[in-house]
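*Asks:* Once you've had a glance at the structure underneath, I'll fire off some questions.
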Amino acid sequence: MRLSGIVGLLLALKLSEGQWRCPSLSSRPAAECSCDLPHTLRCTGDHTALQIIGRHLREQRARNKNTAISLLDCALRGVTVLTSASVQELAGVGLHGLVISSGDIRRVQQGAFVSLSSTLMALGLPNNQMPSVPTESLLRLWSLDRLDLSNNKIHNLESNSFKGIKNLTYLDISDNQLTDISPDAFKPLVKLTVLRLRGNLLKVSALGSLKEAHMLKELDLSSNALEGPLCSNTVPALSRLETLQLSDNTFASIRRGALAGLSNLTSLNLHNNQIDVLEDYAFKHLTNLTDLDLSHNEIVAVSSASLAQLFNLRRLDLSHNFLRSLSAEPLKSLQSLTELYLHDNDVSMIDDGALAQHRGLGRFTIEDNPLNCDCLMASFARWLREAHLSQADKSAAVCTTPPHLEGGLISRLSKNKLCDDNDHVEAKLKENYDFNKENTISFNEKDGEGSSLDDDSYLDKIDGLDDDVYDEELEVPSEEDLPISKSKVRLLDAWYEDEEVHLSWVVDPPSTRHYRCTGVTVSRGGGIAKHVACHRASPANILLRGLKIDPLDQYTFCLALEEMDDMDVPLSLVLGCGPPQVVRKRAPFATAVPVVVTASPGIESYRVSEVRSNVTSDGVLTVLISIMGLPQRLQNLRSQHTDMKYPFNCFVVLAVLSEGSLVAQKDTRCQSNLEVTMEGLIRGPYEVCATLSKFKREDAHPICVVPQLLEPFGSQIKASFRGLNTALIGIALCLMIVVVALICFVRKMLKKHTDFEGHRCFRPDPVQEPDSPRANYVMLTATSKL
């Protein structure tokens, strides 16, 4: 949960921070807590942690009001289902904010937070495995103001996903797998002002649903699958929107009158797209824009009218593009400009007077450009000397050409120096200037007295560099290769749809820093690796386009990530590869409707702790089930007397579902570790659920695994044909061996000498010549028959 949103809640308590004390609560290994901010408690524990924390907080609150907690942040271990009973233990604590994450939560029970509805204003369920918005658990949270569902597995937003939380103003669904949004999904959120959709798989066609979010002021759509030109209707008309994030997408150009319906927009971020063209009057409807980020694109030139109408623009970032020159026309209408970033381009020429109207710039970057220091650069050199820039910005402007001025600071070059004949200048440089010295100029005695260069008028009287205009010179370090981080990356999931492959990675150990993908390599069956662009996506949702996946082959994916600091500057590289694996085809998630029954009181202390499953191509399902809390004596009885009746009834009910329908069920007596097999499961995908029950007909609190996807039906037919072909080939070889043996035996018998006298009825056959055509024909005929 974003702490900035909780600060207001903490201030509303009007409690003295000087008197507040962190409540002492530690019950290892079930729960362990600490405080890093006033009125904020952060805990880790197992599935019983919420009950323990709730009981302790109620007791301490009753004894001492100075230990009151406003925000509770819990990281739970081994929890896949968040039950209403566990959350109910927090009732009476007076929580305003609650964050629960385990990395494994897939389902939240209906009405789980009803007991906190009177006070809860901020709820976070980030870093879990939820496939959809837990709508039924959010009902009746009338006071809820902020909701964080980031880093889950949500695929779609339905029309009723947010019913019952109409007072919500902040919603974060970043780093999920959103591909589709219902046109009425945001209609119930009549007060929504901040919406985070970063790091999903949304395309432009899905943005039409935003038209219902009339009150939006801040919208983050970065790191999605948005592509094509940025047009007037790419984003629906949102008259109150002030900040729009569109970075890390694949927009190719910006059309005339783009984003026409966002008349109050003040900040637009198009960082890291594929923009190469800015049409004239591209931003003519964005007259209130103050911050425009076009860095890390493919812009070659900015026309005279492409930035027109941006009268209020203060910050313009064109760094990391392919600009070749800077002229005055594109900047003429930018009357309020205070920051201009042009570093890492191909700028070699700055026109005379290009920056004459912008003497008030506070930031100007031009490093990493091939600047040509000739007479046309004289106006820019004087502008640099007179501008109110930092010494670092001035020192970053250095000459690349001509060779005799390479590395020289432009701000210290006089007009005479820039316009002099090269041969004359080179001779004077050898005589008077030492580039290896930082703060002095050497003169021969015949050149005159060692005059001071503090007066600018003296610059026009000599042929030299203006090194003494400043007393100090800052060293600007050159850029070095990024170091390799010690962090590791682990591939969590890989699936494909058509010619798109979706990868989900996690960085170990976890970090609060931002990571972005710089490249992915793919090798099939251990073959030659192929590089695929990943468009600087977040590691949790990487989309690779144009890959044709063979569902029967194994693929190895390797990843390179940039670790970014708070200023979005790369710090290090994180490298890693996933194991060779078969890439599954995406299948719709099937949710089983549980049967509402009464849980057995005799087995409340036992529970299914783990379910693992595997389906072979032959249709054999193998499920491994672990049960926690089963008494050791019961296991011993089972091993010694297999036919002995249990002292109480305990069954493991295993259910196999396909698209929400039950296709198979099996009941087995309880054991700590069970292995159950089922046959005849031809088609998939399947969802495998296991639960404990006193009687076979009961089904309560199931644990389900991710739907198992069998090999496609066509692949099974191919496998059958392959087996049939192998058998036929074997039979044919055996028959051929028998026939050859029989022929050899017959020929041997024919050649054997027989002792009987000749008879006129047994006249010997004429012997054919070995080389006669007839002999060859007979041999060929025999071979053909064979």
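*Asks:* Convert each backbone phi in the range 540-548 into a coupling constant with the Karplus relation 6.51 cos²θ - 1.76 cosθ + 1.60 (shift: θ = phi - 60°), then list the ³J(HN,Hα) values in order as whole Hz, x for Gly and Pro.
*Replies:* Those phi angles translate into 6, 9, 10, 10, 10, 9, x, 9, 9 Hz.
*Asks:* Going by how many other beta carbons lie within 10 Å of each one, how would you line up 745, 557, fewest first?
*Replies:* 745, 557
*Asks:* So if I take the alpha carbon set of the range 488-585, get Rg, then get Rh from the Kirkwood formula, what is the Rg over Rh ratio?
*Replies:* Taking Rh as the inverse mean 1/r over Cα pairs, Rg/Rh reads 0.98.
*Asks:* Once each part is reduced to its C-alpha centroid, what is the distance from the range 528-578 to the range 240-297 in angstrom?
*Replies:* So the two Cα centres are separated by 27 Å.
*Asks:* Can you compute 3J(HN,Hα) from phi for each residue in the range 298-314, using the Karplus curve 6.51 cos²θ - 1.76 cosθ + 1.60 with θ = phi - 60°, rounded to whole Hz and x for Gly and Pro?
*Replies:* So the J values, rounded to whole Hz, are 10, 6, 9, 8, 10, 6, 5, 10, 5, 9, 5, 6, 8, 5, 9, 5, 10.
*Asks:* Still on this structure, I have one more. Between residue 74 and residues 5 or more places away or on another chain, which pairs have amide H atoms under 5 Å apart, with H built 1.01 Å from N, and which residues are they?
*Replies:* Here 43, 99, 100, 101 satisfy the definition.
*Asks:* Still on this structure, I have one more. Calculate the tail of P(r) for the range 203-267: the fraction of all Cα-Cα distances greater than 19 Å, expressed in %.
*Replies:* 23
*Asks:* While we're here: Would you mind counting up the charge near residue 497? Only other residues with Cβ under 10 Å from its Cβ, with Lys and Arg at +1 and Asp and Glu at -1.
*Replies:* Residues close to residue 497 contribute a combined charge of -1.
*Asks:* May I ask for the distance between the Cα centers of the range 381-421 and the range 303-317, given as a whole number of Å?
*Replies:* Result: 26 Å between the Cα centres.
*Asks:* Sort 209, 24 by Cβ crowding within 10 Å, fewest neighbours at the top.
*Replies:* 24, 209
*Asks:* Evaluate E = 1/(1 + (r/R0)^6) for residue 675 and residue 490, where r is the Cβ-Cβ distance and R0 equals 25 Å; express this FRET efficiency to the nearest 0.05.
*Replies:* The pair residue 675/residue 490 has a calculated efficiency of 0.35.
*Asks:* Treating only the Cβ atoms of Lys and Arg (+1) and Asp and Glu (-1) as charged, compute the dipole magnitude of the range 488-585 about its Cα centre; round to the nearest 20 debye.
*Replies:* 260
*Asks:* Here's a follow-up. Structure shown: which of 166/203; 163/284; 153/530; 191/284; 394/530; 530/585 lie over 31 Å apart, alpha-carbon to alpha-carbon?
*Replies:* 163/284; 394/530
*Asks:* Quick one: 567, 215, 130, fewest Cβ neighbours within 10 Å first, how do they rank?
*Replies:* Arranged by neighbour count, lowest to highest, 567, 215, 130 become 567, 215, 130.
Quick note: the coordinates plus some simple rules give every number you see, no bench work behind them. Keep in mind that what you see is a predicted model, and the values were worked out from it rather than measured. Counting neighbours? That spans all protein chains shown, and the Cβs are built from the backbone with ideal geometry, glycine included.
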